[in-house]
Amino acid sequence: MAEPPPPPPNVVNWFKQHYPRPRVDLQWLTDCYNWVTTSLPPLPASPTPADFQPLIQSIQEQLLLSDLSDSMIPGTGLPLHIGNPETDNATLTGPGVLVQIVSMTDIGVSAYKLDQTRGVREERIRARAIAGAGAADGQQGEGEEEPDEDVIGEGPIPKYTRSMLKLGLSDGTTTIQAIEYKPLPELVLGETELGFKVSPLISREIWVLITR
């Protein structure tokens, strides 16, 4: 069986330039390239840089949906020692590091309050799912209006109280703990899915914690 063709040098160089830390694994890039090209028009015989953009965009979308442990070269992102519990202090320098959120909680809100909110959210989400299944089965009477979403499950799904998020961040190999000291509106506890990508890591909104 023939080996799948590698991506064009323009594509490889674009990802090297835009994702320097961690670096994209060439085997993953090759597999992804061959997969996305099955649904894209073929490149012209003499492609211009603009011709590569739909291809690059499609691969980038898959990269940001991927688990970085699958798509990136181990050890090319965060310094390996920074995840060592014996590391007291470390300074991150150079280009920003692409990381994914692997855990999230709010350290400015009591665990009791968070658990209370989680329980109410789960009850109301379950109630809506049951109501939705009933409507899909045609159990709603003809001419009846759909129930208001504030009534289903005894009210709207509550949001978690927001104070200060603590995040587990991973480059696919090394995981570190970080906190926000300035609100990041893009991150919402209970709504932002694990695996959400953050870059650059070095920013004025995130402090990296190195704790024993």
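The values are calculated or read from the model by the stated rules, or taken from the named source; none is laboratory data. Remember, it's a predicted structure, so these values are computed and weren't measured experimentally. For neighbour counting, all protein chains shown are included, and Cβ atoms are generated from backbone atoms with ideal geometry for every residue, glycine included.
Remarks
- In segment 76-111, of all residues being in a strand (DSSP E or B) and either modelled with pLDDT under 80 or among the polar types (S, T, N, Q) (or both), the one that is farthest from residue 195 (Cα to Cα) corresponds to 105.
Yes or no, residue by residue, for (1) outside any helix (DSSP H, G or I); (2) without any contact (Cβ under 8 Å) to a residue 12 or more places away in the chain; (3) closer than 23 Å to residue 102 by Cβ; (4) more than 17 Å from the chain's Cα centre (by Cα):
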| site | (1), (2), (3), (4) |
| --- | --- |
| 32 | no, no, yes, yes |
| 37 | no, no, no, yes |
| 43 | yes, no, no, yes |
| 46 | yes, yes, no, yes |
| 53 | no, yes, no, yes |
| 56 | no, no, no, yes |
| 62 | no, no, yes, no |
| 70 | no, no, yes, no |
| 74 | yes, no, yes, yes |
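- Residues of segment 1-54 that are at pLDDT below 95, among the acidic types (Asp, Glu) and surrounded by 13 or more Cβ atoms within 10 Å (Cβ to Cβ): 51 alone.
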